[in-house]
């Protein structure tokens with residue numbers, strides 16, 4: 001009996017073992033990360049208007065982040081936001097945004113990459129503001 | 001219809017035939033039903049459900065159960081959770097089994113396991129809830145009706161994925177319920193909660209029949 005109890009506790013301990021933000025994987029409709037939403041006030045862009053900026057963040061700006069282990073997944077996840085926004089799948093785009101923001105925060109705080117990381121963060125914040133307006137009209 | 005009743009008698013005494021027919025409709029053993037199985041008289045049941053969930057959502061669905069043997073039952077559920085526009089719907093389907101480990105006059109204890117699939121926009125969720133259901137019931141109205149209570153703590157082994165990103169967890173969750181039965185009609189209330197940072201609850205009213 002004690003063995004089964006230990007097994008149950010071990011399984012329960014696996015909760016939230018992922019390095020990614022659990023918010024992206026919740027069972028309710030997605031809301032963008034609060035820290036990104038707090039960065040922008042005023043009127044929001046339509047989600048589709050963020051498409052080009054997200055592609056720029058996923059390609060040109062991500063290249064400057066070098067070969068860090070998280071830079072590749074960040075590029076893929078940011079491309080994912082652009083793809084979902086392009087298909088008007090705002091809930092899926094919001095979940096990819098949560099994952100991308102978490103990957104961006106996990107990058108090393110190197111001075112050489114700071115301008116590009118800040119630029120990507122600003123694009124994420126504008127996207128979060130835009131998705132919030134679209135998901136909560 | 002009873003094979004020992006002659007056709008002549010059936011014609012002459014329709015009230016007796018009707019009484020025989022109604023006699024089959026005994027109140028099902030709800031203790032067994034809430035362990036997701038039927039009884040010797042009615043080994044299966046099906047029900048529709050309607051309720052509310054966190055996120056200002058409406059839940060609609062249906063479930064069924066069928067007992068294959070004295071101890072083993074199969075059950076299935078499907079349903080949808082609808083959020084206010086423009087949020088996406090959650091569509092859920094599940095199939096599972098229950099094994100009765102204790103059966104007495106008033107109390108049943110079952111081990112339950114299922115596999116559930118759920119999709120929310122592009123988010124895919126697969127859950128394997130493994131739990132213990134404890135059900136208690138009593139009869140009233142001369143045995144024609146019953147009421148019962150149920151509790152089912154379970155561990156929900158969960159795998160969620162979107163694009164190439166995944167998240168695994170095993171939150172402890174639980175259900176409690178009230179079941180009322182009159183003859184073959186069954187009804188009840190159920191409340192489910194997941195005790196993790198994805199804390200979700202839903203409360204449902206169920207109405208169905210045993211067969």
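The values are calculated or read from the model by the stated rules, or taken from the named source; none is laboratory data. What you see is a predicted model, and the numbers here were worked out from it, not measured in a lab. Ideal geometry is used to build each Cβ from the backbone, glycine not excepted, and the neighbour counts take in all protein chains shown.
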Can you pull out the residues in the range A:19-45 that are facing another protein chain (nearest Cβ under 10 Å), surrounded by fewer than 18 Cβ atoms within 10 Å (Cβ to Cβ) and either at pLDDT below 50 or in contact with a helix residue (DSSP H, G or I) (Cβ under 6 Å, 6 or more places away or on another chain) (or both)?
A:19
Looking at (1) surrounded by 14 or more Cβ atoms within 10 Å (Cβ to Cβ); (2) closer than 19 Å to residue A:49 by Cα, can you tell me which one residue A:64 breaks?
(2)
Look at residue A:99 and say whether it is within 14 Å of the chain's Cα centre (by Cα), within 14 Å of another protein chain (Cβ to nearest Cβ) and under 20 Å from residue B:86 (Cα atoms).
no
Does the range B:73-82 include one or more residues that are within 14 Å of chain A (Cβ to nearest Cβ) and either under 16 Å from residue B:209 (Cβ atoms) or touching a helix residue (DSSP H, G or I) at 6+ places or on another chain (Cβ under 6 Å) (or both)?
no
Mind listing just one residue for me: the one in the range B:44-72 that is away from every other protein chain (no Cβ under 13 Å) and closer than 20 Å to residue B:125 by Cα and, of those, farthest from the chain's Cα centre (by Cα)?
B:58
Answer residue from the range A:77-91, given it is within 7 Å of chain B (Cβ to nearest Cβ) and out of contact with any helix residue (DSSP H, G or I) (no Cβ under 6 Å at 6 or more places or on another chain) and is surrounded by the most Cβ atoms within 10 Å (Cβ to Cβ) among those
A:91
If we keep only residues of the range B:93-106 that are in a strand (DSSP E or B) and over 14 Å from the mean Cα position of the chain (by Cα), then the residue surrounded by the most Cβ atoms within 10 Å (Cβ to Cβ) is B:100
Checking residue A:49 against (1) surrounded by 19 or more Cβ atoms within 10 Å (Cβ to Cβ); (2) touching a residue at least 24 places away in the same chain (Cβ under 8 Å): exactly one of these is not met. Which one?
(1)
Looking at the range A:102-113, which of the residues that are surrounded by fewer than 18 Cβ atoms within 10 Å (Cβ to Cβ) and in a helix (DSSP H, G or I) is nearest to the other protein chains (Cβ to nearest Cβ)?
A:105
Subset of the range B:75-86 (residues that are under 25 Å from residue B:33 (Cα atoms) and surrounded by fewer than 17 Cβ atoms within 10 Å (Cβ to Cβ))
B:76, B:78, B:80
Matching residues, the range B:44-67, being in a loop (DSSP other than H, G, I, E, B) and either at pLDDT 85 or above or within 16 Å of residue B:133 (Cα to Cα) (or both):
B:54, B:56
Test residue B:109 against the criterion of being more than 19 Å from residue B:59 (Cα to Cα), more than 10 Å from every other protein chain (Cβ to nearest Cβ) and over 15 Å from the mean Cα position of the chain (by Cα), and give yes or no.
no
Hey, residue A:133 within 14 Å of chain B (Cβ to nearest Cβ), in a helix (DSSP H, G or I), under 17 Å from residue A:45 (Cβ atoms) and in contact with a helix residue (DSSP H, G or I) (Cβ under 9 Å, 6 or more places away or on another chain) or not
yes
